[in-house]
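Chemist: Here it is: the structure, laid out below.
The values are calculated or read from the model by the stated rules, or taken from the named source; none is laboratory data. Everything numeric here is computed off the predicted structure, so don't read it as measured data. Reconstructed Cβ throughout: ideal geometry from the backbone, glycine too, with neighbour counts over all protein chains shown. Accessible surface areas use protein heavy atoms only, side chains included; no ligands, DNA or RNA. Shrake-Rupley method; radii C 1.70, N 1.55, O 1.52, S 1.80 Å.
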Amino acid sequence: MASDPHSQGHSHDHDAHAAISHDEAPGYYEIMETAVRELLMAKGFITANDIRHQIEVLDSRTPALGAAVVARAWTDPAFKSRLLADGRAGCEELGITFYDDTQLIVLENSESVHNLIVCTLCSCYPRPVLGLPPDWYKLKPYRARAVIEPRKVLAEFGTIIPDDVEVRVSDSTAVIRYLVLPRRPAGTEDWTEQDLAGLVTRDAMIGVIPVTLNDRGMK
Amino acid sequence: MNTPALSAVRPALFERPSFAVGDRVRVSQRAPIGHYRVPIYLRGIAGVVARIIEPAFVDNEEEGYGRNAGSKRYYYRVAFAMTDLWNGYTGSPNDELQIEIIESWLEQI
């Protein structure tokens, strides 16, 4: 399908096809996707309804799912230890399925370690729990710089990590996806799980910002 | 209980992980043609096995060519010091990169 992560980064800048890509007509990869899809349907491997259903699956995945996982981990220590031992099994406990058959490692931020996730090769992302990645996550500047100068990238998001805190970048390349478990902000000790979930943003679960009590997050 | 049969079980090649947590390993310095899942910036760099990813998975480089059977190998989460990856790295010397790499790309040091 057009959303195949491995086609990202290849679908632009094709000089030989520039005339097409600047037109209203479909581009090279879009035509290829249509051709493959129609062939698979003609051969009876998939149906139009299978594709429609899969789009529904993708649309049902949003950062709110990841936020629910984080809030549960903050409020249930036994769940948190299961989640850190096996991220996928922890999410599956909450009913989040892994339709793409990836595994999940949950990376816990602490006083001494700040985690950041990236996919340098394409746009691997924990879609089952966060939905579609933001555009900047798929673009080359973030993908290259997150591994070369992560502290500068973080600073551009307004996140300054002290020198005595390790920055740990996880590059997802194969069958594993990563989700950052941010630190729970101080002053939320008596908050409900649901209110806590409302604080947790997509960017915090990628690791580019911490979870903070700002106006947007106040209950 | 005397169960000599159990202690005599011999696993097949690649059925068990070849590396253990804490092992020092080096990413192979190879440049295959076609689909690969090990970024070039890691080739030839030494790191430490941080975690064995269970269970073994199909080698997705092989899978890219439709070969799904018989190519299961272990993936490892390997930690590299940023200062080993980049000349003149400007962050803290404690900063590191972790990445999952399939066994066929790793060499024992």
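Chemist: Arrange the residues A:His53, A:His114 by how much accessible surface each exposes, largest first, with a 1.4 angstrom probe.
Modeler: Sorted by accessible area, descending: A:His53, A:His114.
Chemist: For chain B, report the translational diffusion coefficient in µm²/s to the nearest whole number, using Stokes-Einstein at 37 °C, 0.692 mPa s, and a Kirkwood Rh over Cα pairs.
Modeler: Value of D from the Cα-based Kirkwood radius: 211 µm²/s.
Chemist: Within 10 Å of each Cβ in peptide A:140-153, how many partner chain Cβ atoms are there on average? Round it to a whole number, please.
Modeler: Mean shielding by partner chains, rounded to a whole number: 3.
Chemist: Find the accessible area per residue for chain A; the probe is 1.4 Å, ligands and nucleic acids are left out, and the unit is Å².
Modeler: 51 Å²
Chemist: When only DSSP loop residues count, what trypsin sites (Lys or Arg not before Pro) in segment B:13-109 have their Cβ near at most 13 other Cβ atoms within 10 Å?
Modeler: B:Arg30, B:Arg67
Chemist: Compute the Cα gyration tensor for segment A:63-206, then decide on rounded, prolate or oblate, letting a ≥ b ≥ c be the square roots of its eigenvalues: rounded whenever a/c is under 1.5, prolate when a/b is larger than b/c in the other cases, and oblate in all that remain.
Modeler: oblate
Chemist: Shifting gears a bit: Excluding the sites themselves, what is the longest stretch of chain A that contains no GluC sites (Glu not before Pro) in a DSSP loop with at most 14 other C-beta atoms within 10 Å?
Modeler: Longest site-free region, per DSSP loop and neighbour criteria: A:25-110.
Chemist: Can you show me the helix-derived [θ] at 222 nm for the protein assembly as shown, built from DSSP H runs with n ≥ 4 at -39,500 (n - 2.57) apiece and divided by the number of residues, rounded to the nearest 500.
Modeler: Dividing the helical sum by the residues of the protein assembly as shown leaves -8000 deg cm²/dmol.
Chemist: Compute for chains B and A the buried accessible surface, both sides summed, probe 1.4 Å, and express it in Å² to the nearest 100.
Modeler: In total, this chain pair buries about 2200 Å².
Chemist: Would you compute, for the Cα atoms of the protein assembly as shown, the largest minus smallest coordinate along each principal axis and list the three values in descending order, in whole Å?
Modeler: Taking max minus min along each principal axis of the Cα atoms, the protein assembly as shown gives 64, 57, 49 Å.
Chemist: Could you tell me what percent of the accessible area of the protein assembly as shown is made up of carbon and sulfur, with a 1.4 Å probe and every protein chain present?
Modeler: Of all accessible area on the protein assembly as shown, carbon and sulfur atoms account for 54 percent.
Chemist: Among the chymotrypsin sites (Phe, Trp or Tyr not before Pro) within segment B:32-69, which fall in a DSSP loop and have no more than 11 other Cβ atoms within 10 Å of their own Cβ?
Modeler: B:Tyr65
Chemist: Tell me the accessible surface of A:Thr201 in square angstrom (1.4 angstrom probe, heavy atoms of protein chains only), to the nearest ten.
Modeler: Its heavy atoms expose roughly 40 Å² to the probe.
Chemist: Which are the unpartnered cysteines of chain A, meaning those with no other cysteine Cβ under 4.7 Å from their Cβ?
Modeler: A:Cys91, A:Cys122
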